Amino acid sequence: MKKLIPVMATVAAVLLAGLTGCATEPTDLSKNSIIPRPVTVTPSGESFLLTAKSDIFVMPGGPEELVNIGNFLAGKLNPSTGLGMEVISDGRKPGKGDILLTLGQYDPELGDEGYELTISGKLLTVSANQPAGIFRGIQTIRQLLPAEIEADTIREGTWVIPTGTIRDYPLYGHRGVMLDVARHFFGPEDVMRYLDQLALYKMNVLHMHLSDDQGWRIEIKSWPNLTVHGGKTEVGGGKGGFYTQEEYSEIVKYAAERYITIIPEIDMPGHTNAALSSYPELNIGGKAPELYTGIKVGFSTLDTRSETTYRFVDDVVREIAALTPGKYFHIGGDESHVTKPDDYVYFINRVQDIVESHGKSIIGWDEIAHATLKPNTVVQYWTRAENAVMGLNQGAKVLMSPAKYAYLDMKYDTASVFGLNWAAYIEVDDAYNWDPAMLVPEITRENITGIEAPLWTETVSTFREAEWLIYPRLAGYAEIGWTPAEMRSWDEYRLRLAEHGKRMEVMDIGFYRSPLVDWEEVTE
């Protein structure tokens, strides 16, 4: 039996019932504001209406994941609509106004993350090859509904979706962001909030920059002073912080429930002052430096010829790898300016062996291409194309994060409150108007594993401040990673983005209102 609906919701449901005739009014599915833009949209000119009788049906006998996804969707739709939709998996047949989640016969075009949305006047069906595809599909359902669907309290409205078919699948397998929690620390609640936001835009990777000169942010039980000492400060002298292994595991689990993979990064041999200050034996000469709260780079290095260093690296990788089920471990490798070139190459070669011994593949910033790379290595291109090409020539793939286009910590313009400008000023159109496969002639679509937008946090100390740099640029990066380049146009995209201003307002995202976009306001 359907759960009792609160009084306000009952009134709303009665009003909706009176509007049932709206389900037959013509609509146009092609005039949507979905981000990322779907691959194909075929409208059929009718309407599907959610009512007090609507429920979410899950294919009987399917994996438990489908029930979890159904509950996730109900958790997004019920608070704002008050419809009390339940998840039903007992084999009953869906009826008018219901949503059906089902795994179909394998469709090679859809792959693991693609989905097909079939919307008639009676039923909305999401089908896919894998649960991940179902999860991506329900994000499209959210975006087809009014922005008020994202509210956590009941809103008045008629919850109508245009009918038709959407077939959709991603261009790149890696569509992510990097969050620097070392220069300023962001607690588990902030990270989980970010994961919720990423899910809406079909992003599937959160790369966590867990260590740097200014702080060590994850508990390592075999080297406890890394957090006791190295985790207690940050840029500007704040109190810092760190994740216990239990907290980190909760973040990994929360991400997995949203089909997002966590990639941990321990930056080395440079960007290591917090570790060096915590353990003198990691230093050349054995003397620990003071903790550091500035933003200068390139001054620190591990002792790359000491066996103690490699015991340290092995312990750190072992403990973090055991907590992280994803394929990759990020070894950093950037801006190690005081490490002698031969020592740097020796270090990267040995660390690759350590990472592989713990069952992970390597990602590193593009400088690691100077070493002898292992098979399945990914080189993250951020600054020097020749490094990325050097990696390609060794058989590596490239993850595209060019600072000039993809760094979320770059200012929008000269008036920006937060951010830096050493790479570029990146307005919202500049963030959108580039193609990863066209930047460097040698780096073609086949060489690219995906796109990642890093946020370095020298200038932001709260997640609210970070959101101002992240949004609305993140939506554009999501589209670059998902939608074929030939389907992308700034003039068309900016219209869809304008409607997402309302959605971000309802979600309480503190975004930058670029003057290049005619933002639509929420009407109460």
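Remark: relative contact order (the chain) = 13 percent; criterion is Cα-Cα distance under 8 angstrom and separation of 6 or more residues. Look at the Cα gyration tensor of the range 24-108: its axes a ≥ b ≥ c give a/c of at least 1.5 with a/b at or below b/c, and that counts as oblate. Between residue 153 and residue 306, the modelled label-to-label distance comes to 5.7 nm, taking each label 7 Å out from Cα in the direction of the beta carbon. Among 410, 438, the sequence by solvent-accessible area, most first, with a 1.4 Å probe is 438, 410. If you take the beta carbon distance between residue 299 and residue 508 as r and set R0 to 41 Å, what does 1/(1 + (r/R0)^6) give as a FRET efficiency, to the nearest 0.05? After rounding to 0.05, the efficiency reads 0.55.
Spin-label model, residue 446/residue 495: points 7 Å from Cα along the beta carbon direction are separated by 3.7 nm. Do the alpha carbons of any pairs in 287/327; 76/221; 96/202; 76/239 sit beyond 30 Å of each other, and which pairs? Cα-Cα > 30 Å for 287/327; 76/221; 76/239; rest within. Solvent-accessible area of residue 148, all protein chains in place: 40 Å² (probe radius 1.4 Å, heavy atoms, ligands and nucleic acids excluded).
In straight-distance terms, cross-link reach from residue 93 covers every one of the aspartates and glutamates whose alpha-carbon lies under 18 Å from its own, apart from those fewer than eight places away in the same chain; here that gives 55.
Of all lysines in the structure, the ones whose alpha carbon falls short of 21 Å from that of residue 404, not counting any fewer than 8 places away in one chain, are 296.
Most tightly packed first, judged by the mean number of other beta-carbon atoms within 10 Å of their residues, the peptides 317-327, 261-271 read 261-271, 317-327. Cross-link pairs exceeding 18 Å in C-alpha to C-alpha distance, out of 253/374; 374/397; 53/502, comprise 253/374; 53/502.
The values are calculated or read from the model by the stated rules, or taken from the named source; none is laboratory data. This one's a predicted model, so the numbers in the text were calculated from it and none came from an experiment. Note that each Cβ is placed from the backbone with ideal geometry, even for glycine, and that neighbours are counted across all protein chains shown. The accessibility values were calculated without ligands, DNA or RNA, using every heavy atom of the protein model including side chains. Shrake-Rupley method; radii C 1.70, N 1.55, O 1.52, S 1.80 Å.
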